[in-house]
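See below for the structure under consideration.
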Amino acid sequence: MTTGATTRIELTVNGRARSTDVLAHHTLLEVLRDDLGLTGTKECCLVGECGACTVLVDGVSVDSCLMLGVEAEGLSITTVEGLATGDRLDPLQSAFLETGAAQCGFCIPGQLVSARALLEAVPHPSRAEIEEGLAGNLCRCAGYEQIIEAVALAAERGEGGDVRRAATPDVHVASTPDAQVAPQ
């Protein structure tokens, strides 16, 4: 339903039904941060290059700066805030802490969400699969080794996803640049 310059959308965010009025030109990133107050998803490049704003949209890894908020109508969105269960961290979050993967912490929300998408698709990824799965996420602190170790640790502990899912990550090409282009 459109009222004036806004459109009311109904969506599920982190398992909770939400509705909000959004401007037609606002991105999903703006809706999450400004309208819904979920500031874990970071605003950085705004052109889909860095991965700081990565969220899951119906289980698919997406750069939320590249998706309009109105496109989220009826969809299920998972942000970094939705990874934990109550006061219990997601196993990936725990692994990131254990390996020292969170240096400045700015890229970590996007890294965690991308890693969750990877482990849902490939519960026991090889190092190359981890690198490819995280290729769309840049880290200015260059903490790639600790981030890769954290994902491997979570996978080793069996903290991946549903092993019945496909062995290929379900990600949009725009949100995952070639691993040879993104620094590892």
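The values are calculated or read from the model by the stated rules, or taken from the named source; none is laboratory data. All values derive from a computational prediction rather than experimental measurement. Cβ placement follows ideal geometry from the backbone for every residue including glycine, while neighbour counts extend to all protein chains displayed.
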Could you please find all residues in the range 96-115 being assigned to a helix (DSSP H, G or I), surrounded by 24 or more Cβ atoms within 10 Å (Cβ to Cβ) and over 12 Å from the mean Cα position of the chain (by Cα)?
Phe96
For Asp90, are the conditions met, namely being surrounded by fewer than 17 Cβ atoms within 10 Å (Cβ to Cβ), closer than 26 Å to Ala121 by Cβ, among the acidic types (Asp, Glu) and in contact with a Leu (Cβ under 7 Å, 6 or more places away or on another chain)?
no
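Kindly establish whether Ser94 is in contact with a Pro (Cβ under 9 Å, 6 or more places away or on another chain) and within 24 Å of Cys139 (Cβ to Cβ).
Answer is no for this residue.
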Is one or more of the residues making up the range 116-136 over 18 Å from Val55 (Cα atoms), surrounded by fewer than 22 Cβ atoms within 10 Å (Cβ to Cβ) and at pLDDT below 95?
no
Suppose we filter Val62, Val22 for residues that are part of a strand (DSSP E or B) and in contact with a His (Cβ under 9 Å, 6 or more places away or on another chain); which single one remains?
Val62
